[in-house]
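Since the structure comes first, as structure tokens, the remarks are kept for the end.
Coordinate-derived values only; no laboratory data. Keep in mind the model is a prediction, meaning the values are calculated, not measured. Cβ placement follows ideal geometry from the backbone for every residue including glycine, while neighbour counts extend to all protein chains displayed.
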């Protein structure tokens, strides 16, 4: 599976609540800054993962990350409104 | 739902003369920062601006500063515009006539590298020039992007 497709396979917030599953700590987006051979400013392993993709795949992955972040924010707002 | 790659795809398909710059160019080169808009440097001729308008016609494009006004470029506007800041159903597109630290469209185009996309070739500002442009901007997130892009540059030099 290409890396961009892997990035898109992350569950969306609504799916997470439906499945009752925890966020996948091993997934690209949730890895801590310390988990890679970091420079102190960024995680070098994430950069290496990015460099394995084509430029177009990186742009698609950016869309996925952007929309995932926005759906997470919307889910948090709904949750805050309910509580 | 934002879809920045679809916005780029439409610009290519509409044969807009542009170079991808800014955060999405950094992403194309390998930076891992998430960017929220498409920045392009383009030729500010009437024909080219009309191609941009046509590319986004079904996406309800509006001027960001006047979202109540649909995009409907006139010949007079095309002649006077230096930049064009748009909001569409799929995301924000900033069309710039020049790039700080680089110059106008012709100078920027000289520093474009070609990247394959599903609909054809896309010109992206080259790594060194992108770094120079981001250094000229000097914002916090640009500094982080520059560090990542320098690392990409180092790895390219080694390979």
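Considering Cα pairs under 8 angstrom that are at least six residues apart, work out the relative contact order of chain B and quote it in whole percent. Don't jump to the answer; show the numbers that get you there.
Values: 267 pairs, mean separation 42.4, N = 159.
Relative CO of chain B lands at 27 percent.
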Legend entry - Alpha-carbon centroid distance for the pair region B:56-118 / region A:42-72, whole angstrom: 24
Inset, instruction - Under 1.5 on a/c is rounded, so check that first for region B:4-154, then, if it is not, pick prolate when a/b is larger than b/c and oblate when it is not; a ≥ b ≥ c are the square roots of the alpha carbon gyration tensor eigenvalues. - result: prolate
Inset, instruction - Neighbouring Cβ atoms within 10 Å as the yardstick, rank A:71, A:50 fewest first. - result: A:71, A:50
Inset, instruction - Could you check which residue among B:50, B:82, B:134 shows the biggest mean-square fluctuation in a GNM of chain B with a 10 Å Cα cutoff? - result: B:82
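So if we plug the beta-carbon distance of residue B:33 and residue B:80 into 1/(1 + (r/R0)^6) with R0 = 35 Å, what FRET efficiency do we get, rounded to 0.05? Walk me through the numbers before you get to the answer.
Working: r = 34 Å, r/R0 = 0.97.
According to the calculation, E is roughly 0.55.
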Legend entry - Cβ-based exposure ranking for B:42, B:78, in which fewest neighbours within 10 Å come first: B:78, B:42
Legend entry - B:155, A:52, B:43 arranged by Cβ crowding within 10 Å, fewest neighbours leading: A:52, B:155, B:43
Inset, instruction - Note the angle between two axes, namely the Cα long axis of helix B:140-158 and the longest principal axis of the Cα atoms of chain B, as a number of degrees from 0 to 90, rounded to the nearest 10. - result: 60
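Taking a ≥ b ≥ c as the square roots of the eigenvalues of the Cα gyration tensor of region B:87-141, is the shape rounded (a/c under 1.5), prolate (a/b larger than b/c) or oblate? Write down the numbers at each step before the final one.
Working: a/c = 1.71, a/b = 1.18, b/c = 1.44.
It comes out oblate by the Cα gyration axes.
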